[in-house]
Amino acid sequence: MLSSKLPNLGTTIFTIMSKMAQDEGAINLSQGFPGFGADPVLLELVAKYTKENYNQYAPMSGIPALQEVLASKTHLCQGYLPDMESEVTIVSGATEAIFCAITAVVQEGDEVIVLEPAYDSYDPAITLNKGISVYVPLNVGDFSVDWQKVKDAITSNTKAIIVNTPHNPSGFVWSASDVNQLAELIQDREIYVISDEVYEHITFDEKKHISIGSHPELRAKTFVCGSFGKTFHVTGWKIGYCIAPKDLSKEFRKVHQYVTFSTVTPIQFALAEYLKVPDRYLSIPDFYQKKRDFFAKGLAETKLGFIPSTGSFFQLASYGHLTDISDWELAERMTRKLKVACIPISVFYSDKKDDKIIRFCFAKEEKELELALERLRKLESIL
């Protein structure tokens, strides 16, 4: 019988809840994908490059035109200019970028600090590379980082720390102070940073995303992992990138070339042309702020408790003041009885810690959000 390398893992919660939503005819506010289409201009560009036969393998590290415009975008948004040829790699989704970065640096017995609640792809990648996940809880409430706890978790075996800003599932956005404290903690240590920044352009209330790669001292140790899919509402394209210094990119590419080798060619050409107009990504915060505001205003009319998200396209809500049932049970009841699907936050913890909090994705059309909110106002009827 085959011995599993991941014996404790089953189907992801996102697959489970999306299938349940489909089976029950529920509004799916669980899985993090937009409920609307991409800019028709971008779609036309993909069609153009497909028809013009840009359909063979792209270079392993990405087409130069996309590497160049991504480097320029980084300079515009974060104030530093990575070398397009040696420091920018185009990959098949940010999850691949995170996997390849972890694989590049983690060896057997190495410890990797994971701030939780955390996206569920981090730990399996650490496990597959025979590393050891060391979990540090974020502050319950606003999900900010307790830097003393991070400091206490660092040992002589610590090889990397995975960070995520804006944060999934909470929407917390790191401040300059957070970035500086990270730099201070690891300045004299050989500890690498794998920075999940897929929601880089989705911030609210004038908060600015600060990339870990923008810090002069952290840049030499950091893999910045990003996603075009989240930014441009095309998660199904699975196209992302990794920006890292030359020596780290060299090791990263050794892994990448044997995971996917290259990423879909016509879409790379389309994005390279599309990104030449900065407003196409600089306008994203305003676009999503309207959706967050709409959803938060409606959520305030329910019995759920919440603090408005400051980033990502997720909103957390607490319900412990209403009932003591588990977040899993509530999510299932909501899907089957209210016909609104959400995600129980306990799945983002290694020990399945249940703080009576659920997560909604508000990246949907307003009419769909309004219908979901109307149903959520009846929450007490199912408790």
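The values are calculated or read from the model by the stated rules, or taken from the named source; none is laboratory data. For clarity, every value in this text was computed on a predicted model and none was experimentally measured. Quick reminder, even Gly has a Cβ in these numbers, built from the backbone with ideal geometry, and neighbours come from all protein chains shown.
Miscellaneous remarks
- Number of positions in region 122-155 that are among the small types (Gly, Ala, Ser), crowded, with 16+ Cβ neighbours inside 10 Å and farther than 21 Å from residue 184 by Cβ: 3
- Whenever a residue of region 1-24 is of a type in the set (A, V, I, L, M, F, W, C), its partners that are in a loop (DSSP other than H, G, I, E, B), lying with C-beta atoms within less than 6 angstrom and at least six residues away or across chains, give the pairs 14/31; 17/30.
- Matching residues in region 157-193 - criterion: being touching an Asp or Glu at 6+ places or on another chain (Cβ under 7 Å) and not in a strand (DSSP E or B): 157, 165, 172, 183, 187
- The residues on offer are 309, 262, and the sole one that is part of a loop (DSSP other than H, G, I, E, B), touching a residue at least 60 places away in the same chain (Cβ under 8 Å), closer than 30 Å to residue 356 by Cα and touching a Phe, Trp or Tyr at 6+ places or on another chain (Cβ under 9 Å) is 309.
- When residue 74 is tested against the conditions (1) farther than 22 Å from residue 220 by Cβ; (2) under 22 Å from the mean Cα position of the chain (by Cα), the lone failure is (1).
- Consider region 54-69 and keep the residues that are part of a loop (DSSP other than H, G, I, E, B) and among the polar types (S, T, N, Q). The one that is farthest from residue 264 (Cα to Cα) is 61.
- Qualifying residue in region 245-252 (condition: under 14 Å from the mean Cα position of the chain (by Cα), modelled with pLDDT of 95 or more and buried (at least 22 other Cβ atoms within 10 Å of the Cβ)): no
- Taking residues in region 125-150 that are closer than 14 Å to residue 109 by Cα, and partners anywhere that are assigned to a helix (DSSP H, G or I) and of a type outside the set (A, V, I, L, M, F, W, C), the pairs with Cβ atoms closer than 6 Å and at least 6 places apart or on different chains are 129/103; 133/123.
- Close pairs (7 angstrom Cβ cut-off, 6 or more residues apart or separate chains): more than 18 Å from residue 254 (Cβ to Cβ) and assigned by TED's automatic domain parsing to the domain that holds residue 225 in region 76-90, of a type in the set (Asp, Glu) and surrounded by fewer than 22 Cβ atoms within 10 Å (Cβ to Cβ) anywhere: 84/68
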